[in-house]
Amino acid sequence: MGYWEFLVEYLPKLANGAVMTVMVMVCATLLAVTVSMVFGLMRLSSHFAIQGAATVYIEFFRGTSLLVQLYWIYYVLPLMGLTLSPFISGVLALGLNFGAYGAEIVRGGIQAVPRGQYEAALALNMSPFSRMRRIIIPQIYTIILPPAANLTVELLKATALVALITVVDLMFVAKQINATTWLSAQVFGTALIIYYAMARFALIPFLRWLELIAARKIGKA
Amino acid sequence: MDTTHPQVLPEGSPLVRFSGVTKCYGPLTVLDKLDLDIAQNEMVSIIGPSGSGKTTVLRVLMTLEKINDGVIYVDGEPLTHMPKAGGLTFSTERYLHERRSKIGMVFQQFNLFPHMTALQNCVEAPMQVLGLSREDAEERALNLLELVGMGEKKDQHPTRLSGGQQQRVAIARALAMRPKVMLLDEVTSALDPEVIGEVLNVIRSLNSEHNLTMIMVTHQMGFAREISDRVCFFYEGKIAEQGSPEQLFGDPQNERTKQFLHAVLDAS
Ligand SMILES: Nc1ncnc2c1ncn2[C@@H]1O[C@H](COP(=O)(O)OP(=O)(O)O)[C@@H](O)[C@H]1O
Ligand SMILES: [Mg+2]
């Protein structure tokens, strides 16, 4: 079987898998962004318990294996009475794990806003909440987007793990095809190219566009 | 608990009173039992060598820093402290929030909000803090931007403005809160020489036409002499000498003042 015939036969199936990969990716990213914001802010709280809770969360999710976390959510939580679908389990594990890394980026971004901005807002008697929401947070995007973009590309690549808990994503479909055809080079070669193309021609340009918008918002570029 | 300072000042007291104010950073005493009164509508300049505590005076009054001892009063009420039982205790954030709008500050580095236009910079706090409607806040902001000669540039972001223009917007932004006293910390020090004049002109008009109470830290001796009602010379966290501009610049009594004035006047 030539590569062309292989593609004609199996590309539609791989494409279906890729759509699932995109869905996992989008949902996990939305969760990770939320988690990043919440725990990044909690890390900067002056309240001891709030800050401590965030530190424990971040330490735990960054300090243990993503694959083990995934298996925990999918295989162990049901033993405790909480059964989640493969898709939800995958999104949860990825979102919670990458959110822990994102929280550190958010914390760093907030701390990198010049102190004068905080002081100017205080001198205008803005409340702590307004200062954060109206003055500081809008300025962190140009700072956090470059590292956040790296993390997002990592997240896309890590979605392949959800195949291990039976989510029918690109990796899962590739393994299925391989099991029946033994065309390993063609199958996994094509999967590599699709992952690369998704990152290189969709995700990265999108993230660059976000960076440009953020720069415009503060009058740069 | 502090029982040596009164809970309110008597009628007719100055707008701002520093009463025995001490500020330390670790072992370093930056303000040393400072006493300073500022009357309503008074224009007071603070001069002195670098590190003498000039900026710190403004920062503690703006409540950007906490003091270690003494009390600052504004408008007859304690600011750094609040009444409790028979004496005074350090203010809570809530107590400060109810009073901080009486004070406005303009910084050496402008500190405009870069994600907002000139107009948005001036509208933000009046809406968020004073609860003005957008209409009222914009009307107030536009008037003030006109006053500082920045009406035309109202829709520009700070990065598109020169230093002098940014500083004029920063002055309008502080005025939009209608403070009772304005604090100016070396507002021309970060500016190119050719734009210093435009900022000084704005301050001049605030003083002469609008009778604003101002405390100004400055290295512009000529300007301080021209505009001030009173000049304070700071040395090591204390007022070493103060008086009218004629007296302080024309006939300084203190050795330190003489040395300092010699040094800066020789340099310029
Ligand atoms: N946050 C700070 N921590 C430690 N020392 C400080 C801090 N801010 C100011 N100082 C010190 O306090 C002294 C007075 O500072 P400042 O009021 O800024 O002086 P000036 O404005 O007269 O030059 C200086 O010696 C300065 O180094
Ligand atoms: Mg200073």
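No other residue among B:Leu161, B:Leu130, B:Leu144 is touching a Ser or Thr at 6+ places or on another chain (Cβ under 9 Å) and either within 16 Å of ligand 1 (Cβ to nearest atom) or not charged (D, E, K, R) (or both) apart from B:Leu130. Of the conditions (1) open to solvent by less than 70 Å² (accessible area, probe 1.4 Å); (2) in a helix (DSSP H, G or I), A:Ser45 satisfies every one except a single condition; which number is it? Here A:Ser45 clears every test but (2). Residues in segment B:46-69 that are within 13 Å of ligand 2 (Cβ to nearest atom), over 20 Å from B:Pro179 (Cα atoms) and either touching a Gly at 6+ places or on another chain (Cβ under 9 Å) or open to solvent by less than 10 Å² (accessible area, probe 1.4 Å) (or both): 5 in all.
On inspection, B:Val148 qualifies as buried (at least 21 other Cβ atoms within 10 Å of the Cβ) and either at pLDDT below 95 or of a type in the set (A, V, I, L, M, F, W, C) (or both).
Every condition in (1) away from chain B (no Cβ under 14 Å); (2) surrounded by 14 or more Cβ atoms within 10 Å (Cβ to Cβ); (3) over 14 Å from A:Met20 (Cβ atoms) holds for A:Ala202 except the one numbered (2). Of the helices (runs of 4 or more DSSP H) lying entirely inside segment A:86-194, those carrying at least 2 residues that are in contact with a helix residue (DSSP H, G or I) (Cβ under 9 Å, 6 or more places away or on another chain) and either within 29 Å of A:Leu7 (Cβ to Cβ) or more than 14 Å from chain B (Cβ to nearest Cβ) (or both) are A:86-112, A:137-158, A:170-181. Condition first: over 14 Å from B:Met62 (Cβ atoms) and within 16 Å of ligand 1 (Cβ to nearest atom). Now tell me which residues in segment B:164-186 satisfy that. If the condition is that a residue be over 14 Å from B:Met62 (Cβ atoms) and within 16 Å of ligand 1 (Cβ to nearest atom), then B:Glu186 is the only one that fits. The set of residues in segment B:111-129 that are more than 8 Å from chain A (Cβ to nearest Cβ) and either free of Cβ contacts under 8 Å to residues at least 12 places away in the same chain or not hydroxyl-bearing (Ser, Thr, Tyr) (or both) comprises B:Met116, B:Ala118, B:Leu119, B:Gln120, B:Asn121, B:Cys122, B:Val123, B:Pro126, B:Met127.
Rundown of residues vs (1) within 16 Å of ligand 2 (Cβ to nearest atom); (2) touching a residue at least 60 places away in the same chain (Cβ under 8 Å); (3) in contact with an Asp or Glu (Cβ under 9 Å, 6 or more places away or on another chain), yes/no style:
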position: B:Ser208; (1), (2), (3): no, no, no
position: B:Asp229; (1), (2), (3): no, yes, yes
position: B:Glu236; (1), (2), (3): yes, yes, yes
position: B:Glu246; (1), (2), (3): no, no, no
position: B:Gln253; (1), (2), (3): no, no, yes
position: B:Lys258; (1), (2), (3): no, no, no
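Regarding segment B:206-222, can at least one residue be identified that is within 17 Å of B:Leu112 (Cβ to Cβ), open to solvent by less than 60 Å² (accessible area, probe 1.4 Å) and within 20 Å of the chain's Cα centre (by Cα)? The answer is no, given that none of the residues of segment B:206-222 is within 17 Å of B:Leu112 (Cβ to Cβ), open to solvent by less than 60 Å² (accessible area, probe 1.4 Å) and within 20 Å of the chain's Cα centre (by Cα). Of all residues in segment B:135-145, exactly one satisfies the criterion of being open to solvent by 40 Å² or more (accessible area, probe 1.4 Å) and within 14 Å of chain A (Cβ to nearest Cβ), namely B:Arg140.
Cβ-Cβ distances below 7 Å connect the following pairs, each with a first residue in segment B:159-188 that is away from chain A (no Cβ under 12 Å), a second residue that is part of a helix (DSSP H, G or I) and among the polar types (S, T, N, Q), and a separation of six or more residues or different chains: B:Val187/B:Gln167. If only residues of segment B:38-61 that are small (Gly, Ala, Ser) and closer than 17 Å to B:Ser19 by Cβ are counted, the one that is nearest to ligand 1 (Cβ to nearest atom) is B:Gly53.
None of B:Arg100, B:Arg17 is within 12 Å of chain A (Cβ to nearest Cβ) and either modelled with pLDDT of 95 or more or more than 18 Å from the chain's Cα centre (by Cα) (or both) except B:Arg100.
Scanning segment B:62-89 for residues that are more than 12 Å from ligand 1 (Cβ to nearest atom) and within 14 Å of chain A (Cβ to nearest Cβ) turns up B:Met62, B:Thr63, B:Val74, B:Leu79.
Within segment A:25-82, the set of residues being within 22 Å of A:Ile165 (Cβ to Cβ) and of a type in the set (D, E, K, R) comprises just one member, A:Arg62.
The values are calculated or read from the model by the stated rules, or taken from the named source; none is laboratory data. All figures in this text were calculated on a predicted structure; none of them were measured in a lab. Heads up, the Cβs are rebuilt from the backbone with ideal geometry, glycines too, and the neighbour counts pull from every protein chain shown. Quick note on the areas: whole protein, heavy atoms, side chains included, nothing else; ligands and nucleic acids left out. Shrake-Rupley method; radii C 1.70, N 1.55, O 1.52, S 1.80 Å.
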